[in-house]
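The values are calculated or read from the model by the stated rules, or taken from the named source; none is laboratory data. All values derive from a computational prediction rather than experimental measurement. Heads up, the Cβs are rebuilt from the backbone with ideal geometry, glycines too, and the neighbour counts pull from every protein chain shown.
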Amino acid sequence: MAFIGAVEIAMQQVRRACAPRVAIRGPDVPEVPGDVEQAVRRCLRSTAHAIDTIAGVEMQAFETVDQAAGDAIAMLQEGERLSRLWRYVFVQMLDDYTSVLHHAGVPAGARMWASAPRSTGDIRVDAAFAAMAEYLARRDGWDVPSWARLPGREAWPWWFVTDLRGLHPRALVESPSSFRRRGVFITSGALDRA
């Protein structure tokens, strides 16, 4: 989570420093005030500072679903939207799981989901962790963890991961059954990774 925040802050700084400062003079004739070389140097300094900022933040992969739940709790406490939480916690967990699966095999991937994650305080997020555990277990051939089958892990109100209301009907149809049964609705692309 700290890494994502550092990247966003650094990119805002670069955008501000590198934004063209254009003044309109006459009918649609742009004029760049000041020395162009100074503007380029300012942009390069800001970019270098941004890289230093990002490099100073320790980035860690999730080793367990409980670690992902910890980041989810932090994001919820910061008031983040659930759609951002999906992107920065669930998609990251999926990427980390996929990497472990590829490099260490199915048993190592299954161990990432073996122990129940702590409650995040939001039943929709807890339901999504259970749904993803069941989905990956069935897809990759390992036993669904017992914590993921608990009846209390159902979202109410339902959680449509996308903020785009026009995609909600599509999510109702495309969500894998492990998600639908728990009241978490995603489009087919939500679990696709490059």
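If a residue counts only when it is touching a Pro at 6+ places or on another chain (Cβ under 8 Å) and buried (at least 17 other Cβ atoms within 10 Å of the Cβ), which helices (runs of 4 or more DSSP H) contained entirely in the stretch 108-194 have at least 1 such residues?
In the stretch 108-194, the matching helices (runs of 4 or more DSSP H) lie at 123-140.
With the requirement that a residue be polar (S, T, N, Q) and modelled with pLDDT of 95 or more, what does the stretch 149-194 give you? Working first, answer last.
Just the residues of the stretch 149-194 that are polar (S, T, N, Q), to begin with: 162, 175, 177-178, 187-188.
Passing the criteria: SER175, SER177, SER178.
Please work out if TYR88 is under 16 Å from the mean Cα position of the chain (by Cα), buried (at least 16 other Cβ atoms within 10 Å of the Cβ), in a helix (DSSP H, G or I) and touching a residue at least 40 places away in the same chain (Cβ under 8 Å).
Working: under 16 Å from the mean Cα position of the chain (by Cα): yes; buried (at least 16 other Cβ atoms within 10 Å of the Cβ): yes; in a helix (DSSP H, G or I): yes; touching a residue at least 40 places away in the same chain (Cβ under 8 Å): yes.
When the stated conditions are applied, TYR88 passes them.
Residue check: is GLY105 on the phi > 0 side of the Ramachandran plot and touching a helix residue (DSSP H, G or I) at 6+ places or on another chain (Cβ under 7 Å)? Steps first, please.
Details: on the phi > 0 side of the Ramachandran plot: yes; touching a helix residue (DSSP H, G or I) at 6+ places or on another chain (Cβ under 7 Å): no.
For GLY105, the condition - on the phi > 0 side of the Ramachandran plot and touching a helix residue (DSSP H, G or I) at 6+ places or on another chain (Cβ under 7 Å) - is not met.
Any idea which of (1) over 13 Å from TRP86 (Cβ atoms); (2) under 21 Å from the mean Cα position of the chain (by Cα); (3) among the polar types (S, T, N, Q) is the one SER177 doesn't satisfy?
Failing condition for SER177: (2).
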